[in-house]
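Okay, structure first, notes after.
Any read-out appearing in this document is the output of simple, stated calculations on the displayed coordinates, not a laboratory observation. This structure is a prediction, so every number in the text was calculated from the model and none was measured. Heads up, the Cβs are rebuilt from the backbone with ideal geometry, glycines too, and the neighbour counts pull from every protein chain shown.
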Amino acid sequence: LEGVYPGVDFLREVNLGNRLFLGDRVAVVGGGNVAMDCVRTALRTGSKKPFIVYRRSLEEMPANEEEIEECHEEGIEIHTLVNPVRILGENGKVKAIECVRMELGEPDASGRRRPVPVEGSNFIMEVDAVIPAIGQESDWACLTPECACSLSDWRTLQVDPVTLQSDDPDIFAGGDAVTGPATVIEAIAAGKEAAVSIHRFIQGEDLREGREKTWEPVQDVPTEGYDRIPRERMPRLSPEERLGNFNEVQLGFTEEQVRREAARCLDCGVCSECYRCVDACLADAVVHEDAARERELEVGAIVLAPGFKPFDPAVYDTYAYTRLANVMTAMEFERLLSASGPTMGHVVRPSDEKEPKKIAWLQCVGSRDIHHCDHAYCSGVCCMYAIKEAVIAKEHAGRDLEATIFFMDMRTHGKDFERYYNRAKEEHGVRFVRSRVHSIEEVPGTGGDLEIHYVDEEGRITSEVFDLVVLSVGLETPEEAKRLAERLDVRLNDHLFAEHSSFEPVASSRPGIYVCGAFQGPKDIPQSVMEASAAAAAAGQMLAAARGTLTREKEVPAQRNVFGEPPRVGVFVCHCGINISGVVDVAAVRDYAKTLPYVEYVADNLYSCSQDTQEILKEAIREHNLNRIVVAACTPRTHEPLFQETLMDAGLNKYLFEMANIRNQDSWVHGMDPATATEKAKDLVRMAVAKVALLEPLQEPELSVTRRALVIGGGVAGMTVALSLAEQGYPVDLVEREDRLGGQALHLNSTWRGEDVTQFLAKLRERIEAHENITVHLNSRVAQVDGFVGNFKSVIQNGAEPVQVEHGVAIIATGGREYKPSEYLYGSDPRVHTHLELDRKLRQDDPVIRSARSAVFIQCVGSREPDRPYCSRVCCTHTIHSALEIKERNPDCDVYVLYRDIRSYGEREVLYKEARQAGVLFIRYSLEDKPKVEVVDGRLQVTVTDHVLRRPVVLTPDLVTLATAIQPNADEALAQLFKVPMNDDGFLIEAHAKLRPVDFATDGVFLCGLAHYPKPLDESIAQAQAAAARAATILARESIQFPGTVARTNPMLCSACGTCVNICPYSAPRFNERGVAEINPALCKGCGLCVASCRSGAIRLQGFDDAQIFSMIDSL
C-alpha cells in the first residue's frame, strides 16, 4: 500500500535530502530508538500528529529515556499496550490501522513480560501513513544451494563463537547476521575477530589457539564510601526552538558539567573495549589481548625503588585547587615549561590561555603540615624546584614576569643550591616572601585572576593579585608501594617511608632487601641516583661469592670490512613522540635527506631509541648494504651508545655513525617557528651526512685491569668504601694522614636519630683492621700518581720507605673539618665554643651543661656568607639535636636558637617540632643584622633583633655554641695528581651532579664524603657505598676498552715543541724515547685542545678530523 514506509528507509531518504510529507496522522509502530527517530523526524517534515504505537508498557520500552522524554516534550503521543493487527487501505493507499489492546502476561525469554491480546478490544485508528520500526532481518538470498552454512531458529547464521567460522569452513560471519540486533561496537569487534580468523585460515594456522577466552561482565561494582550523585542533565533546546527544524537538540555539557560528571566515575577499571586507547597510543603499546603473566625468579637480593607520589592538594579547601583553573601544582607547571608539554614550553594560564605577568609559588603544600595531611616531614626538594621553575619561567616569559615565592624556611641545603638561590634573587629578580599563605580567592570579572591573603614579615595582613598560583607539593609514598612493603614484610616508619638506620642507610628491615630513592625518604635526584648505586653496592657485597655465575656474554658479529666501499648512508629521522614532530616537519626532512649525496636509504621513526626501531635499523643495514648511519634525533649524550651498539650488532664499526641533534638544538629552541625549525633540521642532517661520508672505522685499544683499589681518607666514608670493596673480594689500600682511623666521626656522639656513633665507629675500625683484603697506611699521604683507569701506579709516603702500589681505581674521601671562627668571642672566652666542642662536653657530661641557666646556639657561623656562600647542611639538625639533649639533662635551662633559616630537611623536621614542644625558643636574624656577643659585668650577653617584635632582645647565656661551617680538607696537590677539579670553596667537583654524582671526569677516580660537600653521617655512608659500586664496575672486568675518538700524532710532522704536553689537562701527551709527542689513548678525553694548539698540524682527533669538520662547514 502507498503510505507504508519501513523505518530505516524513511530515515535514509530524509537524510539524503528527500523531504517526504506523509500526511498529518502518521503511526509509527515500535518502541526502540529507530521508532523514536522516525516519529520525531515525521514531526519535523510537516506531519501535525505523528504518534507511537507500542504493544508493551512504557516501562518495557527499549528506547533511551532521553528520547522518550523529548518525545513527550514535543507533544508526541505514545500509545502503549496497543498492537496493530492489520493495515486498512482504500484505492491503494493507507486509510487506517486496526489495533487490539494488550495486557502484560508472564515474562518471555528477554525477561520482559509478554504482551497478551485483550479479547474483544479491537479498534480502528485513521492514519495517513504507517512507519513500521519493529526491527530488521538478514537477507539470505546470498546463500546458494551448494553452501553448507546453516541458520538458527532466529534466522541468524550459526558460527563458532570464538573463530566466527560457519559450517562452511571458508565462510566467516559476524555482526547482526550472527547475533541479531546489537551495537555497532559489537559488529566492529566481530569484524576484527573474523579478520584474524581469515588470516589464520589462509596461512593454514590454528584458528582457536590463544583465543579461547571469556569476557565476564562486571556483576557488582562496590559503591561503599561514595556519595550517590545523579547524572548531569544534558542541556537541550526548548521544544519551541526545535520544532520544524533539524537543529541539534542536545547542546552538550558545559565544562563545569563535564567535570562534575567525570567526578562521578568510580574508577573501577571496567574497560568498554572501545579501542580508543589503541588508536591514541603512538607507540602501539596498548595490547588489549595481552594477559597477565607470572614469573618466578630466584634471587639473592632485592632492591626496592618504587618512587613517590606527588601530594594531592585537593584537601586544602583554602587553596581551591579543584575549583580554580589557575591554581596548579608544581608538577603541572613543570609540564607547562617543557618543550614537549601541552603548550610546548609557552607559559600560559589554563583559564584563558593568557600569558601571566605575575606568578606566585606557595611552599610546603603537603609538607611540614600535620593539620591537613599528617605529613610532619619536609619533602626536601620543593624549595629548589620552586626556585628553578621561577627562574625558567622568567627565561621563557621574559624579565617582565614577576615571580614570587612564599615560604617558611628556604631550604637550599644541597651543593651549589645556595648560590642558585642567591642568583635567583640578585640576577633574575625572583621575589621571596616569608609567609604561610592563608587563602586564595578568584577576583570576580577578571577571567581568572587570583587574590592571595597573607601576613607579611611586619605582621600586616596583606593581599596581592596574581595571574597564576603554583602549589609546591610534597612527596609521599604511593599506596602500591605500601602494599609492596607489606607483601615483602618490609617495615615502614611513622611517615610511611622505608625503615632504615643511619649506619646502613640502604638496608631495609628485612635482610637482603635494600631500598633507595624517595621510598627510603624524601630526597632529590642527585641523592636518589647516588643511593641507587649504594643499594647496588650493598647487594653486590652480599652476592660477591656468586658474581659471574649467571652471566651470559653477548655474541657480537664480526665487523664488516668497508675499506674501499663507496659511502652508502642510511638516514633515520626521529619524531621523538611530539618532541620533534610537534615542531619540525619530519616527513619533509626525511624526503630532503633522500636528495643528499651518498644517501641510499631514509626512514622516519616514532621513537628511534625504541627496541623495535633498533631491529628495523639493523635490518635496513643488512638489506641495503649500508656502511654509514645518520640518526637525526635527540642528544648523543644519552643515546649515541645505544645506536653504536646497534651498528655493532649489524656488523658495522660503531664509529661509522653520526647524530644530528634536531631536538635540543632545534625543535626545543625554535618551538614557535616550525618553518625555521624544519629548515634548520635539514641543515643539521645535511651537515651530518657530509661528515659521516668521511668517517672511517676506528679501533678501541684494550688493556688489562689491575683489580685493586686505592682509598684516600680514613674517615667513615673512606672506611665504608674500603670495606665494601674488600667484602666483594678486591684488595684495598687505605691511606690516612692521621695516626688513627675515624676522621670527623671521632668527635661525634650520636646521629640525629640518637644512634651511638662511638660504638659504630669502633666496630667499623675493628672490621677494617682485621680484614685480610685491606692494607691500612696511617700517617701517610699519596706523593705520586702515574697511569690511567685500570692501570694506576701510586707512591704512598709515610715517613719511612715509600710504598708503590698498583691499582685500577682510586676513591678520594679526604673529608672535611670544622671552621674555627674569629667572631662572637670565639677563642677569647671559654664559654663560647663550636658544635664539636659542645659534643665533647656532652660526651664527658660536663657539669656546665647541668648547671647552665641559659644556652644560646648561633647558626650559619661562617656559612652562607660571601667568603663561603654555601650551606653546611648538617648544622641545623645538629643544633636541634643538641638543644634537645641539653633540655633533657637540664629541663630548667632556657635554650635559644638564633637562626637565618631552619633547614631540618626530610624527616629531620620531626626534631624541629620536638624542640619547639620542649620549649626551645627560635629567634630569626638576618645576615645584615647578625647577633652580637659581648661580656658585660663578667657575664656573656647576646643581643639579637627579634623578627616578630622588631626590637633588640638581650640574652645572658652561660654558654654559647656556634654552628660553624664545614670546610673541606682541600688538598690541591692530590687533586693535581689525579687531574680532578675543585670548586672555589675547595670541594671536589663530580662529573655530573645528577647522572654521575660520585664519578670524576677522570675515569677510574671517584669521590665521597665531606670532600664532595658537607653532609650528615648517613649520607656520607650511602655516598661511600655508591663510590664502591661505581669502582666495582671497573674492578669486575679483566680488561677495559678505551674510546676510539682520541687524538693521535703524526711523528713525521711533530716539532717536539711541547705545547700539547703543557696544555693537556689530563696529561695524555708525552714525549717518547725519540723525543716525539705521543698520545696515551687511555688518558685522552678527546677534547681537542691539543689539536687546536698544535702549530705544526701533527695532531689529529679521530672522528673529528679537519676534513670531516670542514665538510660540515662547507655543506652550509
*Tell me, what ³J(HN,Hα) does each residue in the stretch 379-395 have, in order and in whole Hz, if you take phi through Karplus 6.51 cos²θ - 1.76 cosθ + 1.60 with θ = phi - 60° and put x for Gly and Pro?*
6, x, 10, 5, 4, 6, 6, 5, 4, 4, 5, 5, 5, 5, 4, 5, 5
*Hey, rough spin-label estimate for L746 and K820, points 7 angstrom out along Cα→Cβ, what's it come to in nanometres?*
1.5 nm
*Please work out the C-alpha center-to-center distance from the stretch 651-676 to the stretch 43-76 and express it in whole Å.*
62 Å
*Extended-chain gain in nm, criterion 0.36 nm per residue less alpha-carbon gap, V948 and R423*: 186.3 nm
*N15 to E98: FRET efficiency via 1/(1 + (r/R0)^6), r the Cβ-Cβ distance, R0 25 Å, to the nearest 0.05?*
0.20
*Can you give me the relative contact order of the chain as a percent, contacts being Cα pairs under 8 Å and 6 or more apart?*
8 percent
*Please compute the net charge surrounding V998, taking Lys and Arg as +1 and Asp and Glu as -1 over other residues with Cβ under 9 Å from its Cβ.*
0
_Partners for K388 among aspartates and glutamates (Cα-Cα distance below 16 Å; same-chain residues under 8 apart left out)_ = E332, E334, E402, D416, E418, E426, E427, D524
_Under the rule of at least 5 residues apart or a separate chain, name every residue whose amide H is placed under 5 Å from the amide H of V365._
S472, G474
_So I have (1) 35; (2) 20; (3) 45, and one of them is percent of Cα pairs over 51 Å apart calculated from this model. Which one is it?_
(3)
*Peptides 921-933, 199-211: what's the order by average Cβ count within 10 Å, highest mean first?*
921-933, 199-211
*How much length is gained on full extension from D220 to H771, taking 0.36 nm per residue of separation minus their Cα-Cα distance?*
192.0 nm
*Would you order V953, V556 from fewest to most other beta-carbon atoms within 10 Å of each residue's own beta-carbon?*
V556, V953
*Using 0.36 nm per residue of separation minus the Cα-Cα distance, give me the extension gain between I124 and D108 in nm, one decimal.*
3.0 nm
*Spatially proximal lysines relative to K48 (Cα-Cα < 18 Å; intrachain offsets below 8 disregarded)*: K95
*the stretch 536-578 to the stretch 890-961: how many Å between their Cα centroids?*
58 Å
*Once you sort the root eigenvalues of the Cα gyration tensor of the stretch 7-132 as a ≥ b ≥ c, which label holds: rounded (a/c under 1.5), prolate (a/b larger than b/c) or oblate (the other case)?*
oblate
*What's the FRET efficiency of L1116 with E555 using the Cβ-Cβ distance as r and R₀ = 60 Å, to the nearest 0.05?*
0.90
*asked:* Filter K887/K1015; K482/K913; K357/K425; K841/K932; K358/K932 down to the pairs with a C-alpha to C-alpha distance above 28 Å, please.
replied: K358/K932
*asked:* Test of understanding: extend the Cα→C-beta vector of E451 to 7 Å, then name every residue of the stretch 295-329 with backbone N under 13 Å from that spot.
replied: none
*Percent antiparallel among DSSP beta bridges with both residues in the stretch 309-476, to the nearest 5?*
45 percent
*Give the distance, in whole Å, between the Cα centre of the stretch 1092-1116 and the Cα centre of the stretch 388-443.*
45 Å
*Which peptide among 830-836, 314-320 comes first, and what is the full order, when sorted by highest mean count of other Cβ atoms within 10 Å?*
830-836, 314-320
*Over the chain, what is the percentage of antiparallel beta bridges among all DSSP beta bridges, to the nearest 5?*
45 percent
*Please give the peptides 995-1008, 581-594, 737-750 ranked by average Cβ packing (other Cβ atoms within 10 Å per residue), highest first, as a rough proxy for protection.*
995-1008, 581-594, 737-750
